[in-house]
Amino acid sequence: MKLSQLTKKKVHIIGINGIGMSALAVYLKKNKIDVSGSDIAKNSNTDVLNRNGINVIIGHKEENIKNKDIIFYSSAIKNNPEIKAAKKNNIPFFNRSKLLQIICKDKFTIVISGSHGKTSTTSILGHLLVASGLNPTIISGGIMNNFGQNIHLTDSNYVVVEADESDGTVFKLNPSILIFLNVDREHIDYYKSYSVLKTKIKRFILKTSLKSKVIINNDDKFLDTLNTKSKNIITFGKKASSQYAYKNVKLKNNNSTFDLYFKNKIIQKKILSPLLGEHNIQNLTAALSVINNLDIKINKKHIMTFKGTMRRMNILGVIGQSVLIDDYAHHPTEIQKLIEVSNLYKNQEVYLIIEPHRYTRLNDLYNDYLQTLKGIKKLNILKTYTAGEVLTNKMKDSKNLVNDLNVLFSQQTSYLDTYLDFFNLLDELTSNNKKKVIIAAGAGSISNQFRLYYETKKR
């Protein structure tokens, strides 16, 4: 199916307020396609959709799909009445991956995937390509602060797209260039085992490398095993053996610097970046390896004009003497990177508030959470955020995590049962005149609540 085939159809998107689906909906609308959608609740993406002339119905009902010709749905959708009605009325319906496939068809598509860092890498690469004059369409899994939304739409034949491995979307695309950042134990509820996930990724990378460039992280133990010396497999990382290697790293709490090498020859000295932490140097190196491979020249100053991605170490502002920082980290690996960045705030008290995301993830990675959060002072953990899961009495939760941290490692970690507890803690922390950094992290509702608190206090 081609995009042109949708121009005379009425398209309906179920789960349209999701960060991924909303971007695709805007893309369709800008291409003069009649598109509407539904979701269970409003969020900030609803406003973006409305501004683009897209009608969003709150609530899932059979009548929402009346007179619709084709339906696309988010992978988060389960047992939905609109899908049931589509089946009954023989209306074709497809997963989000199919829509992304249609959009990318016949385009020079740069795909970014991996367990961590996809959104940041997509955003910085897209920004640099726009600054260079290539001006691609960018479809991101987060709000790109340079563009004010999760999509940058152009008439270019180039598309930069974040492709999730969580539901197998990435495996259905046909990239011109593929970046695979890392592989971690994640989304086991979908793949059933870590070995299945790794097998799928291996097959996809090797298949893609037969005709397209594949850029892989040489520091990732699993991806390193896929370095077959194929002319189409390009490596990046900290290792000296990486084709694109970053060296001489200097990390601060407001910027980072490093040198970039290609095949052991320096190609850029003292690259200054607003991104914090070595993991972001790694993400930027991946982006620069694409740019260099495309033989595009960029001004190093354009790196410093990158404004970041929403919920990635976003400084909301200052309340009293406290700096409030919002972050998306929810996997132990991401939380570890967040802790490393927080350690850059020397001579300041740093308070970390974590909202674990999904009981299934917490239970599958419980020991990893314990080891990551071991020894962290001034740590508070919110009630676990659930997302369409089947819960059992055997599942551990945030209370168990707090108790085990305190008993096993003699910590003084606090448990927050409600967002009211969260607000009361924030009031307590911001009320005195001591300089401190407060970081709230998670993939659930903690960000919305944190921003609500900040906006309320700022007035």
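The values are calculated or read from the model by the stated rules, or taken from the named source; none is laboratory data. Given the structure is predicted, the values throughout are model-derived calculations rather than measurements. Cβ sites come from the backbone with ideal geometry, for glycine too, and all protein chains shown count toward neighbours.
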- Give me a count of the residues in segment 81-108 that are within 26 Å of ILE139 (Cα to Cα) and assigned to a loop (DSSP other than H, G, I, E, B). 4
- Is it the case that some residue within segment 325-340 is without any contact (Cβ under 8 Å) to a residue 60 or more places away in the chain, out of contact with any Leu (no Cβ under 6 Å at 6 or more places or on another chain) and β-branched (Val, Ile, Thr)? yes
- Message: Step by step: first the residues of segment 228-286, then only those that are among the charged types (D, E, K, R) and in contact (Cβ under 8 Å) with a residue 12 or more places away in the chain, then the one that is nearest to ASN343 (Cα to Cα). Which residue is that?
- Response: LYS252
- Query: In the set ASP39, ASP47, which member is within 23 Å of the chain's Cα centre (by Cα), farther than 22 Å from GLU165 by Cα and surrounded by 15 or more Cβ atoms within 10 Å (Cβ to Cβ)?
  - Reply: ASP39
- Task: Report, by residue number, each residue of segment 283-301 that is in contact with a Leu (Cβ under 8 Å, 6 or more places away or on another chain) and farther than 21 Å from PHE108 by Cβ.
- Result: ASN283, LEU284, THR285, LYS300
- Does ASN45 fit the bill of being in a loop (DSSP other than H, G, I, E, B), not assigned by TED's automatic domain parsing to the domain that holds LEU134 and not basic (Lys, Arg)? no
- Would you please name the residue that is surrounded by the fewest Cβ atoms within 10 Å (Cβ to Cβ), looking only at residues in segment 1-36 that are out of contact with any Leu (no Cβ under 7 Å at 6 or more places or on another chain) and small (Gly, Ala, Ser)? SER4
- Query: Would a scan of segment 173-187 turn up a residue that is within 30 Å of ALA387 (Cβ to Cβ), assigned to a helix (DSSP H, G or I) and not assigned by TED's automatic domain parsing to the domain that holds ILE439?
  - Reply: no
- Task: Consider VAL407 carefully, then state whether it is without any contact (Cβ under 8 Å) to a residue 12 or more places away in the chain, in a loop (DSSP other than H, G, I, E, B) and either hydrophobic (A, V, I, L, M, F, W, C) or in contact with a Ser or Thr (Cβ under 8 Å, 6 or more places away or on another chain) (or both).
- Result: no
